[in-house]
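J.: The following block contains the structure, expressed as C-alpha cells.
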Amino acid sequence: MKVLMVLTSHDQLGDTGNKTGFWLEEFAAPYYVFKDAGADITLASPLGGQPPIDPTSDGEDSQTDDTRRFKGDEAAQKHLASTEKLSTVDAEGFDAIFYPGGHGPLWDLAEDADSKQLIETFYTSGKPVGAVCHAPAVFRHTVRADGKPLVSGLRVTGFTNSEEEAVGLTSVVPFLVEDMLKSNDGKYEKADDWADFVLRDGNLVTGQNPASSASAAKELLALLESKTVASA
C-alpha cells in the first residue's frame with residue numbers, strides 16, 4: 001500500500017508579512033494513520049525539500065498527541081525535510097493521494113499544474129483522493145474526463161467561511177475554500193465550526209478542518225482497503 005502525501009511549499013501569508021505553510025496536525029495525524037497501517041508513504045511538495053510549517057500550528061496551544069509524536073520522531077522529521085519535488089512524481093505505483101491543509105495550498109497547490117495532473121490521474125484511475133481543511137483548494141482547477149469540475153455533483157467539505165472569518169483571514173486569502181467548492185458545483189456540506197467532519201463520495205474524501213485530519217485519513221484508508229478486498 002503506497003500513499004503519496006503532497007504538501008505546500010508556500011510560506012507567505014499574503015501581504016501580511018506573516019508566515020504560513022502547512023498545518024502540522026494536518027500532516028502528523030494522517031501520516032501516522034497511514035504509517036501505523038503499514039503504508040509506504042512518499043512525501044512531495046512543489047519545491048521539494050523541507051516544506052514550511054505554519055508557525056501558528058507549531059505553537060503550544062496547537063499541539064496534539066500526533067504533533068508531539070512527530071516532534072519525538074527523528075525518522076519522520078528527516079522524511080519531511082526531504083520531500084520529493086512534485087514535478088518528478090508519477091502517479092504510477094501509488095494507491096492513493098492525500099493533501100494536508102494549512103493556508104499555503106491556497107497560493108501554490110491550488111494553481112500547480114503538476115498537482116492538477118496528479119489529482120486528475122488518480123481520480124480517473126479510480127484511486128482514492130483525499131484533502132483536509134484548506135487543502136480542498138487543490139480542486140480549484142481540476143476536471144473530470146467529461147470536462148466538468150472534479151467536485152461537480154459530489155458531496156464535499158473544507159474549511160468554512162465562518163472558520164476563516166474566526167481566524168481573521170477572510171480578506172487575506174486569495175479565495176475562500178467553501179465558496180470555491182460551491183462555485184465548482186460541489187455539494188458543499190459542513191458541521192459546526194471546528195467539529196470533526198468528513199465526507200466520502202466515490203473516491204473523493206474531504207475533511208473540514210484540523211480536527212478532521214485523522215478521520216479523513218482513516219476514511220481514505222478504509223476506502224483503500226475496501227478496494228484491495230474487492231480486487232482480491
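J.: Got at least one residue in region 218-227 being open to solvent by 40 Å² or more (accessible area, probe 1.4 Å), free of Cβ contacts under 8 Å to residues at least 12 places away in the same chain and assigned to a loop (DSSP other than H, G, I, E, B)?
T.: Looking through region 218-227, none of the residues is open to solvent by 40 Å² or more (accessible area, probe 1.4 Å), free of Cβ contacts under 8 Å to residues at least 12 places away in the same chain and assigned to a loop (DSSP other than H, G, I, E, B).
J.: Of the residues THR88, THR16, THR56, THR42, only one is touching a Leu at 6+ places or on another chain (Cβ under 6 Å), modelled with pLDDT of 95 or more and not aliphatic (A, V, I, L, M); which? Walk me through how you get there before you give the answer.
T.: Numbers: THR88 fails: touching a Leu at 6+ places or on another chain (Cβ under 6 Å); THR16 fails: touching a Leu at 6+ places or on another chain (Cβ under 6 Å); THR56 fails: touching a Leu at 6+ places or on another chain (Cβ under 6 Å).
Within the list THR88, THR16, THR56, THR42, the selection yields THR42.
The values are calculated or read from the model by the stated rules, or taken from the named source; none is laboratory data. Since the structure is predicted, the reported quantities are computational estimates derived from the model, not experimental observations. Cβ: placed from backbone, ideal geometry, glycine included. Neighbour counts: every protein chain shown. Surface areas here come from the heavy atoms of the whole protein model, side chains and all, with no ligands, DNA or RNA. Shrake-Rupley method; radii C 1.70, N 1.55, O 1.52, S 1.80 Å.
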